[in-house]
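Chemist: Below is the structure I would like to discuss, written out as structure tokens.
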Amino acid sequence: MSYDIAAEITELKKKKNVAILAHYYESGDIQDIADYVGDSYYLAKMGQEVSQPHILMCGVVFMAEGIKILNPEKTVLVPDLGAGCSLVSGAPYDQYLQWRLKFPTGIAVTYINSSAQVKAISDVIVTSSNAKKIIEAIPRNRPILFGPDKHLGAYLAKESGRHFELWQGSCQVHVLFSAKKLYQQTLEHPDAVVIAHPECDENVLQYASVIGSTSRLLEEVHKNPARKFIVATETGIFHQMKKVRPDAEILQAPTADETCGCNDCPFMKLNTLLKIKAALLNFQPEIKLEENLRAKAQVALERMMTISSSQPGKTPSGKPVIWPEIFTCPTFPI
Ligand code: 13P
Ligand code: SF4
């Protein structure tokens, strides 16, 4: 009898009442055994919506921490506690606090790719799928401090026409795309639609006709009748893109070194079916957060969930409605 680990995982998750969530950057075999697959905002939302008391988050640790911050009563498991992120490690709490203190009247808008400590000294969290909406909800007279991703921050500053103070962090995967080679690729494939994640450098983004979160990029491939796409983001998303558009040619945007396979996020790819099975059997590794820290981080994360899921509407002059609570920054100074 052949050994079917996927079937075992399906059996175990049912028996133990665990919901499995997976990010689009996980390998295809992990996406296929998950109950929910999506981008970081969708996964945070599903963490709140699933009925199971236990969640196994197949992604990176900050995603699992986000679920724990919002759902302290749930057990949150991960396949590998070593699944970090260069944005998280590039924004150590002490240095981030010093930077935050330099702009006491600013609104600290923090990318979800950050530690729980950094979230706890932030005013509002964003993901790449809801950041524009959240920035619109902040009064224009308040300076914006954005971190840890300088590329996403620069993109949002440009889109909103506002000045941002930027923390100088970056995603080690998305910075590797080569603008020069991408330009060459567009010449070789003039019929291809270029789509990119906003964690890419602006020199790469300038060639993209669609810039968005992983789910936005997937939606574009799904709905755009074009037959060829050049995709500047992590390779895991190709799994769903090929499923929704088996007729289309999906090309990876080039990196400077094309032999390195470096558009695989090494942290996301630490997770395996074997580790998932072990986590379900042993109920660990488990995400644990000190309660005071969790509660502080929850304020900024809950704001993101509220603003993202609401329809703030427009004023009679057509301007977006500003969320009054954002004026007061109750979490800061801590
Ligand atoms: P998304 O919010 O698009 O899922 O991005 C998460 C991420 O880590 C990108 O590198
Ligand atoms: Fe972090 Fe980049 Fe990996 Fe996303 S792809 S988890 S931002 S290192």
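The values are calculated or read from the model by the stated rules, or taken from the named source; none is laboratory data. From a predicted model like this one, the values you see are computed outputs, not experimental measurements. Note that each Cβ is placed from the backbone with ideal geometry, even for glycine, and that neighbours are counted across all protein chains shown.
Chemist: Has region 173-188 got at least one residue that is in contact with a Phe, Trp or Tyr (Cβ under 8 Å, 6 or more places away or on another chain), at pLDDT 95 or above and within 28 Å of Lys119 (Cα to Cα)?
Modeler: No, there is no match, as no residue in region 173-188 is in contact with a Phe, Trp or Tyr (Cβ under 8 Å, 6 or more places away or on another chain), at pLDDT 95 or above and within 28 Å of Lys119 (Cα to Cα).
Chemist: Give me the pairs: first residue in region 20-46 and more than 11 Å from ligand 1 (Cβ to nearest atom), second residue at pLDDT 95 or above and of a type in the set (Lys, Arg), beta-carbon distance under 6 Å, and six or more apart or on different chains, which are they?
Modeler: Hits for this filter: Ile20/Lys13.
Chemist: Which residue out of Arg216, Arg227 is surrounded by fewer than 18 Cβ atoms within 10 Å (Cβ to Cβ), within 16 Å of ligand 2 (Cβ to nearest atom) and farther than 21 Å from Cys260 by Cα?
Modeler: Arg216
Chemist: List, please: which pairs have Cβ atoms under 9 Å, are six or more places apart or on different chains, and start with a residue in region 118-145 that is within 23 Å of Lys102 (Cα to Cα) and away from ligand 2 (no atom under 16 Å from the Cβ) and end with one that is assigned to a loop (DSSP other than H, G, I, E, B) and polar (S, T, N, Q)?
Modeler: Qualifying pairs under 9 Å: Ala120/Thr331; Ile121/Thr331; Ser122/Ser114; Ser122/Thr331; Asp123/Thr331; Arg142/Thr105; Pro143/Thr105; Leu145/Ser122.
Chemist: Ok, one more. Would it be correct to say that Gly106 is among the small types (Gly, Ala, Ser) and within 20 Å of the chain's Cα centre (by Cα)?
Modeler: So Gly106 fails the test.
Results for (1) over 26 Å from Glu219 (Cβ atoms); (2) surrounded by 21 or more Cβ atoms within 10 Å (Cβ to Cβ); (3) out of contact with any Ser or Thr (no Cβ under 6 Å at 6 or more places or on another chain); (4) not hydroxyl-bearing (Ser, Thr, Tyr), shown as yes or no for each residue.
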site	(1), (2), (3), (4)
Tyr96	yes, yes, yes, no
Val109	no, yes, yes, yes
Arg140	yes, no, yes, yes
Arg162	yes, no, yes, yes
Leu166	yes, no, yes, yes
Gly169	yes, yes, yes, yes
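Chemist: Say whether the condition of being within 12 Å of ligand 2 (Cβ to nearest atom), of a type outside the set (S, T, N, Q) and in contact with a Ser or Thr (Cβ under 9 Å, 6 or more places away or on another chain) is met by at least one residue in region 47-55.
Modeler: no
Chemist: If you don't mind, there's one more thing I want to ask. Could you tell me whether region 241-249 includes any residue that is touching a residue at least 60 places away in the same chain (Cβ under 8 Å) and buried (at least 20 other Cβ atoms within 10 Å of the Cβ)?
Modeler: no
Chemist: Which residues, taken from region 1-37, are part of a helix (DSSP H, G or I) and surrounded by fewer than 19 Cβ atoms within 10 Å (Cβ to Cβ)?
Modeler: Within region 1-37, Ile5, Ala6, Ala7, Glu8, Thr10, Glu11, Leu12, Lys14, Lys15, Gly28, Asp29, Asp32 qualify.
Residues are listed down the side, and each one gets a yes or a no for (1) within 24 Å of Val204 (Cα to Cα); (2) modelled with pLDDT under 95; (3) within 16 Å of ligand 2 (Cβ to nearest atom); (4) over 23 Å from the mean Cα position of the chain (by Cα):
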position: Phe238; (1), (2), (3), (4): yes, no, yes, no
position: Asp257; (1), (2), (3), (4): yes, yes, no, yes
position: Gly261; (1), (2), (3), (4): yes, yes, yes, no
position: Phe267; (1), (2), (3), (4): yes, no, yes, no
position: Leu273; (1), (2), (3), (4): no, no, no, no
position: Ile276; (1), (2), (3), (4): no, no, no, no
position: Glu286; (1), (2), (3), (4): no, no, no, no
position: Glu291; (1), (2), (3), (4): no, no, no, yes
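Chemist: Out of region 186-196, which residues are crowded, with 18+ Cβ neighbours inside 10 Å and either acidic (Asp, Glu) or in contact (Cβ under 8 Å) with a residue 40 or more places away in the chain (or both)?
Modeler: Within region 186-196, Ala192, Val194, Ala196 qualify.
Chemist: Sticking with this one: Please work out if Tyr93 is touching a residue at least 24 places away in the same chain (Cβ under 8 Å), more than 16 Å from ligand 1 (Cβ to nearest atom) and on the phi < 0 side of the Ramachandran plot.
Modeler: When the stated conditions are applied, Tyr93 passes them.
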